[in-house]
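Report on the following structure.
The values are calculated or read from the model by the stated rules, or taken from the named source; none is laboratory data. None of the values given here were measured: they were computed from a predicted structure. Note that we place each Cβ from the backbone using ideal geometry, even for glycine, and neighbour counts take in every protein chain shown.
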Amino acid sequence: MLAIDDLVRRFVISDDLVRVKLWRADGRIMYANDPRLMGETFPIDDDEIAVLETGSVAAGVSDLSGAENRYELANRKLLEVYVRVQQPDGTALLFETYYRFDLVSRNGSRLMRDFAPVSLGALAALQLVQIPLAWSLARRLRERQRERERLLESALDASSAERRRIASDLHDGVVQDLAGVALILSGAALQPGMPPSALTALENSASEVRDTIGSLRTLLVEIYPPNLFEEGLESALDDLGSRAGSRGVNVEVTAPDANQLPKTPTALVYRAAQEGLRNVVSHSRAKNAWVTLAQTSTSAVLEVRDNGVGFDDSRLDTAFAEGHLGIRALSGLASDAGGTLKVSSMPAGGTCLRLEVPLR
């Protein structure tokens, strides 16, 4: 031990490292540079046992209140480090060193000062690389969003053009032909000597043709509303409510500032209100319905509610499969515009169609 003690004092002990201990696994101190500790036995804690078993390294601030540290200065803060060493016969020992904490802290601060310029320079260089990349990605995202909006607007324009063409063909073709048939039937009914039974049949036929013409004209207005962009969305929503009212559903429309919406939200709101009221009239058996349009700083929100019989909204997928595609198609358009379309209902609880679309 004298040889070990001489080597430790010559080559290990320094201003930074003030204490050395060599422990056996049973807690007995085989060597310490303070000879008063040699041969004493103290409990070994879990961290020290883990170092002996795994060969890892452990470190921490010394507990100077411990019995094995009773000879240390109470006002001196120390950092203890443990590492496993082995004797020639393979026996594992615990090698413990105590460092002055203030010197360790100063060395850490010095290293921090030495490496800070390099670290800050690397961060600055990283920022310089990332900023142009971020601007490029943001520009691409804006371009993709504008392209998406252009595609959606083109789809809506194409849909409107096709609706306009269909409405024009029906008006100039079938409606005019039926109007001619109605005139012919009415004229035939005026022929003298017409038997009463034939006269009644002609008059009934002429009346049915005129009713069919009226239904077709109503359908033409639904296919392509002439006042949507000419007279404004608010007027168009009022017209939808009036047509539903003529079929027995009292509709209350609340749409302040509706005419201020941009083109794409205007078209979607109208299509959603049209589809919602069509379903109210056709399926809900409701007496009352409410069409409400509200705006936030970023979006327009339309709700079409009724007090009808409602349905189990889990059957929507079944309705789609049976060919009721109006809601599905509208939902796709809303999604393409960055919005959402939801239908909620319950038996005997009425139905609510809710569209939210960004104001772009």
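Being in contact with a strand residue (DSSP E or B) (Cβ under 7 Å, 6 or more places away or on another chain) and among the polar types (S, T, N, Q) is the filter; apply it to the stretch 232-264 and report the residue that is nearest to Asn279 (Cα to Cα). Looking at residues that are in contact with a strand residue (DSSP E or B) (Cβ under 7 Å, 6 or more places away or on another chain) and among the polar types (S, T, N, Q), I get Asn250. The residue pairs whose first member lies in the stretch 24-53 and is under 20 Å from Arg70 (Cα atoms), whose second member is assigned to a helix (DSSP H, G or I) and β-branched (Val, Ile, Thr), and whose beta carbons are closer than 9 Å, counting only pairs six or more residues apart or on different chains, are Tyr31/Ile4; Tyr31/Val8; Asn33/Val8; Asn33/Val12. For the stretch 1-33, residues that are of a type in the set (Asp, Glu), more than 23 Å from Val51 (Cα to Cα) and either at pLDDT 85 or above or in a helix (DSSP H, G or I) (or both) total 2.
Conditions (1) in contact with an Asp or Glu (Cβ under 7 Å, 6 or more places away or on another chain); (2) loosely packed, with under 11 Cβ neighbours inside 10 Å; (3) farther than 20 Å from Val12 by Cα, marked per residue:
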{"site": "Gly27", "(1), (2), (3)": "no, no, yes"}
{"site": "Ala32", "(1), (2), (3)": "no, no, no"}
{"site": "Phe42", "(1), (2), (3)": "yes, no, yes"}
{"site": "Leu52", "(1), (2), (3)": "no, no, yes"}
{"site": "Ser65", "(1), (2), (3)": "no, yes, yes"}
{"site": "Arg76", "(1), (2), (3)": "no, no, no"}
{"site": "Pro88", "(1), (2), (3)": "no, yes, yes"}
{"site": "Ala92", "(1), (2), (3)": "no, no, yes"}
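For the stretch 269-288, the tally of residues that are without any contact (Cβ under 8 Å) to a residue 40 or more places away in the chain and in contact with a helix residue (DSSP H, G or I) (Cβ under 6 Å, 6 or more places away or on another chain) stands at 3. Does Pro43 fit the bill of being touching a Gly at 6+ places or on another chain (Cβ under 9 Å) and not polar (S, T, N, Q)? For Pro43, the condition - touching a Gly at 6+ places or on another chain (Cβ under 9 Å) and not polar (S, T, N, Q) - is met. For the stretch 195-214, the criterion of being modelled with pLDDT under 75, out of contact with any Asp or Glu (no Cβ under 8 Å at 6 or more places or on another chain), of a type in the set (Val, Ile, Thr) and closer than 17 Å to Ala273 by Cα is met by none of the residues.
If you check Leu185 against the conditions, is it over 30 Å from Asn279 (Cα atoms), part of a helix (DSSP H, G or I), in contact with a helix residue (DSSP H, G or I) (Cβ under 8 Å, 6 or more places away or on another chain) and modelled with pLDDT of 70 or more?
yes
Please tell me if Thr296 is within 24 Å of the chain's Cα centre (by Cα) and modelled with pLDDT under 90. Break it down stepwise before answering.
Working: within 24 Å of the chain's Cα centre (by Cα): yes; modelled with pLDDT under 90: yes.
Yes: the conditions hold for Thr296.
A count restricted to the stretch 13-23 and to residues that are without any contact (Cβ under 8 Å) to a residue 60 or more places away in the chain and loosely packed, with under 13 Cβ neighbours inside 10 Å stands at 1.
Picking from residues in the stretch 331-360 that are under 17 Å from Glu147 (Cα atoms) and of a type in the set (D, E, K, R), the one that is farthest from the chain's Cα centre (by Cα) is Arg360.
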